[in-house]
Every structure is written in structure tokens, then in C-alpha cells.
């Protein structure tokens, strides 16, 4: 059963990374991104959910979507350095 929140989005994101490392990228991208989108829909003020979604987009090469999600995370919690780091990484890759 789905329960929204930062711990759940972190768990989905960890599962996503494990599946990616196992080479299951296409199916995993769609499934986990869908779950992470649902997390931000259910808890739109949860910065960690936006960060997890942005990270998943970034890993799958969807830089425009990653950028928007990272910006949302920063607006919601400007003190978490991971959000700024993700934004920086997205911008670096976008400049290539």
C-alpha cells in the first residue's frame, strides 16, 4: 500500500537505483518515476519527494524535468545542500 511521505519517496528512489544498477533501466524508469510523481502529487510540500523525483529524472537523462523538480525541492527547503548539489549537476550536464 502506498503511503506518501519523504521516507517512502526515499525508499522508492533507493529501489530505483538498485534496479538501474541491475540493468533494468527502461521499465524501471517508467515505474519508479510514476511512483515518485504520485508522491509529489500527494505531498506537494515535501522537499524530499521533489528531490527524489528530480534525482530519478536526472539519472534517466530527463534534464528539463529534473531541473524543475530540483528547483521545487530548493524552494521548499533551501537548507539541504543535496538539493543545491543536484541542481548544480543538472546545470553542468545541460551545458554539455
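We did not get these values from a lab; they are worked out from the coordinates using the rules stated. All figures in this text were calculated on a predicted structure; none of them were measured in a lab. FYI the Cβ positions are ideal-geometry reconstructions off the backbone, even for glycines, and counts take in every protein chain you see.
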Separation of the stretch 68-96 and the stretch 29-58 by C-alpha centroid, Å?
14 Å
Can you sort 74, 90 from fewest to most other Cβ atoms within 10 Å of each residue's own Cβ?
74, 90
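Would you mind giving the average projected area, over all directions, of the Cα convex hull of the stretch 6-94 in nm² with one decimal?
Numbers: hull surface 20.2 nm².
Result: a mean projected hull area of 5.1 nm².
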Simple spin-label estimate for residue 64/residue 89, 7 Å along Cα→Cβ, in nm, reads 2.2 nm
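How would you rank 95, 80, going from fewest to most other Cβ atoms within 10 Å of each one's own Cβ?
Values: 95 6, 80 15.
Ordered by Cβ neighbours within 10 Å, fewest first: 95, 80.
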